[in-house]
1. If we scan region 151-171, do we find a residue that is of a type in the set (A, V, I, L, M) and modelled with pLDDT under 95?
2. Could you check how many residues of region 81-112 are in a strand (DSSP E or B) and over 17 Å from F206 (Cβ atoms)?
3. Quick check: is even one residue across region 8-23 surrounded by 13 or more Cβ atoms within 10 Å (Cβ to Cβ) and acidic (D, E)?
4. Exactly one condition in (1) small (G, A, S); (2) surrounded by 15 or more Cβ atoms within 10 Å (Cβ to Cβ); (3) in a loop (DSSP other than H, G, I, E, B); (4) free of Cβ contacts under 8 Å to residues at least 60 places away in the same chain is not met by S116; state its number.
5. Pairs, please: C-beta under 9 Å, at least 6 apart or cross-chain, first residue modelled with pLDDT under 95 and in region 189-201, second surrounded by fewer than 21 Cβ atoms within 10 Å (Cβ to Cβ) and polar (S, T, N, Q)?
6. What single numbered condition from (1) out of contact with any helix residue (DSSP H, G or I) (no Cβ under 9 Å at 6 or more places or on another chain); (2) at pLDDT 95 or above; (3) closer than 29 Å to L6 by Cβ fails to hold for F70?
7. What residue, of I121, I149, I170, I108, is within 19 Å of A190 (Cβ to Cβ) and touching a Lys or Arg at 6+ places or on another chain (Cβ under 8 Å)?
8. Looking for something under 21 Å from H75 (Cβ atoms), crowded, with 19+ Cβ neighbours inside 10 Å and aromatic (F, W, Y) - is there at least one such residue anywhere in region 48-63?
Amino acid sequence: MARDRLDIIYEDKEIIVVNKPAHLLTISTSEEKIKTLYHKVYEYVHKKHKSNRVFIVHRLDKDTSGLVLFAKNPHIKEQLQSIWNDETTIREYLAIVEKSVNQKRGTIREYLKETSTLHTIKTSPKMGKLAITNYEVINKTKNYSVLKITIETGRKNQIRVAMQGMNHPIIGDKKYGSTKNPLRRMCLHAHRLEFIHPLTHKKMEFVAKIPSEFKIFEMNN
């Protein structure tokens, strides 16, 4: 997907699901206000009607690609955020990490906090917030492993810190220990999203196709 186009996976009167490319901010920062996914989605709905609004339900890191959910009114946003960490919501990622991960699957429970330099670190229960990260090895070689990851919490940089703590940093993630970057991007993709629609109460499931550049890695057994 070109960064100047929206890859809309699904839309109805209450929500929009978009496949975000890598290298694009989800929301604005003090340095960048316009080149964001939020701004593109806002422009899209605003062109349909000038009174239309959009609200971010969650966010992805700039260098992470994949599914991002937006609400079209604040009430729907609040309802979605209220179920974001419960068992009815599934957030599944694909990550390609350095070296061979020995354990087929596992769960990482740790407490995280953000430092004054915007770096997320592991800390004590008194100082940080609980982060729960589940992983399963899909395929591996001696040089890399392809992991399916689900998160039960939504802490900033949670997956990236968990992988660094395993001594298997995500390929391309220099901030958290990676020494390789063959794709010139971080190899983390928000692949699948499942939740209960707050208005229809139907189970919704969306999948963002695997980025084409990931094909240099064998994705399946």
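The values are calculated or read from the model by the stated rules, or taken from the named source; none is laboratory data. As the structure is a prediction and not an experimental result, all values here were calculated from the model. Note that each Cβ is placed from the backbone with ideal geometry, even for glycine, and that neighbours are counted across all protein chains shown.
1. no
2. Residues meeting the conditions: 12.
3. yes
4. (2)
5. P198/Q79; P198/S82; L199/Q79
6. Checking F70 against (1) out of contact with any helix residue (DSSP H, G or I) (no Cβ under 9 Å at 6 or more places or on another chain); (2) at pLDDT 95 or above; (3) closer than 29 Å to L6 by Cβ, the one that fails is (1).
7. I170
8. Within region 48-63, one or more residues are under 21 Å from H75 (Cβ atoms), crowded, with 19+ Cβ neighbours inside 10 Å and aromatic (F, W, Y).
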